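Below: one structure, written as structure tokens.
The values are calculated or read from the model by the stated rules, or taken from the named source; none is laboratory data. All of these numbers come straight from a predicted model, not from anything done at the bench. Glycine also receives a Cβ, built like all others from the backbone with ideal geometry; neighbour counts cover every protein chain displayed. Ligands, DNA and RNA are excluded from the accessible area calculation, which covers all protein heavy atoms including side chains. Shrake-Rupley method; radii C 1.70, N 1.55, O 1.52, S 1.80 Å.
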Amino acid sequence: MKTLLLSADSAGIEKAAALIKNGFLVGMPTETVYGLAADACDPEAVAGIFAAKGRPADNPLIVHIADMNMLPEIADDIPDLAYKLAEKFWPGPLTMILKKKPCIPDITSGGLDTIGVRMPSHPAALELIRTTGCALAAPSGNISGYPSPTKAEHMIRDLDGRISAVIDGGECSVGVESTVISFENENTVRILRPGGITQEQLSQVSGEAIIDPAILNDIQEGQIVRSPGMKYQHYSPAARVVLIEGAYSDFCQYVNGKPGDNVYALVFDGEGDELDVPAISYGCDDAGQAHMLFSCLREMDERGAETVYVRAPEPKGIGLAVYNRLIRAAGFEVIQV
Ligand code: TXA
Ligand code: MG
């Protein structure tokens, strides 16, 4: 199969919509990361998503909608708080776990009776959903376990020849995936995956936004897994990632004391001169770091890095999402200096 690179204009989107209507898979730009899209109600097409990515069958897909009328078609028992959050944060990087309607096949929900629903804000994604007239199932468009794609070329690198097309909608503005939440009661949500919408933003609308312990820690034996994605190693480049917490001077001392072949550092803007190893910088504030993180991890592999020492971000605001992706990329190898 040859993977087409389509432009994000009406001709490109119509071509992509026709492919999806015929059961094929298309890379879709969103404001968070690129997704690999298919008709959420077509079990064979959805099976193709799992096969193309090498994704475990018990890890459910997010279902994307383009307007509020689509929500009650796919979800049931929708709490009032979900409508309030949708009004504030949709279209945008928030995924809500809701009870699913029977039209969503079990393969899409990984066998669960719930689905994650999100209305993305990228105009090409909204246009694609409207043109197909379908809710679109779309996990991040990477090979399972690898950093998510934030550019069309990342999707081509991972999935060329395995999917029909990718719509090139430019670089993703947010750069990390959506915040995934479930509902605890009428005024409390639980954050299962931190992302583009922060805990502070959520708690302004709901009374409380609890951070699930699995966000900052590895799953322990016997612990409740509220989102299957928590179980799997994620976001890892081929290089070994080591996350280092502490002051910049201590970071430099630590890294300079660990010489070796193909050792790299991932640091903040304006840093790196004091290091004996090559460094790439990934921004200076939480939003900038979110925007750059995945493309920097991919760049490390392209440069042939074997070990990457990473300056740990502040786990605040969207920085919590950056930190969460990095501890997983590092397989929880975190060093305090
Ligand atoms: O920003 C995003 O969310 C991107 C773009 C493409 O929309 N999508 C994305 O999908 O990151 P994916 O499949 O890579 O991550 C979805 C996460 C997984 O961790 C999955 O376990 C969780 O959401 N999830 C999906 N449905 C769920 C459900 N019914 N219950 C609990 N967790 C769910
Ligand atoms: Mg993913």
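Points to keep in mind about this one:
- Proximal aspartates and glutamates relative to Lys231, as straight alpha-carbon distance under 13 Å, when same-chain residues fewer than 8 apart are discounted: Asp58, Asp218, Glu221
- Flagged links, alpha-carbon separation over 25 Å, of Lys21/Lys53; Lys15/Lys100; Lys151/Lys258; Lys21/Lys100; Lys2/Lys100; Lys15/Lys53: Lys15/Lys100; Lys151/Lys258; Lys2/Lys100
- Gyration tensor verdict on region 240-336 (Cα atoms; rounded if a/c is under 1.5, prolate if a/b is larger than b/c, oblate otherwise): rounded
- Sorting the segments 52-59, 178-185 by their mean number of nearby beta carbons within 10 angstrom, highest to lowest, gives 178-185, 52-59.
- Antiparallel %, DSSP beta bridges [both residues in the chain], to 5: 40
- Solvent-accessible area per residue for the chain (1.4 angstrom probe, square angstrom): 40
- Here region 75-120 and region 164-239 have alpha carbon centers that stand 14 Å from each other.
- Debye, to nearest 20: dipole size of the chain, +1 on Lys, Arg Cβ, -1 on Asp, Glu Cβ: 740
- The distance between label points at Gln204 and Leu216 comes to 2.3 nm (points 7 Å beyond Cα on the Cα→Cβ vector).
- Shown in residue order for region 323-337 are the 3J(HN,Hα) couplings computed by the Karplus curve 6.51 cos²θ - 1.76 cosθ + 1.60 at θ = phi - 60°: 4, 4, 5, 5, 5, 6, 4, 8, x, 6, 8, 10, 10, 8, 10 Hz (x for Gly and Pro).
- Under 18 Å from the Tyr83 label point (7 Å along Cα→beta-carbon), backbone N, region 191-233: 205-207
- Expressed as a whole percent, the proportion of Cα-Cα pairs in the chain lying more than 35 Å apart is 20%.
- Gain upon complete extension [Asp276, Thr188; 0.36 nm per residue less C-alpha separation]: 26.9 nm
- Percent RCO, i.e. relative contact order, over region 240-336, from Cα pairs under 8 Å lying at least 6 residues apart: 40
- Secondary structure note: in region 159-243, about 55% of the DSSP beta bridges are antiparallel.
- Extension gain (nm, one decimal) between Glu333 and Glu171, 0.36 nm per residue minus Cα-Cα: 55.4 nm
- Gyration tensor verdict on region 4-168 (Cα atoms; rounded if a/c is under 1.5, prolate if a/b is larger than b/c, oblate otherwise): prolate
- Fully extended contour minus Cα-Cα distance, from Ala247 to Ser7, at 0.36 nm per residue: 82.0 nm
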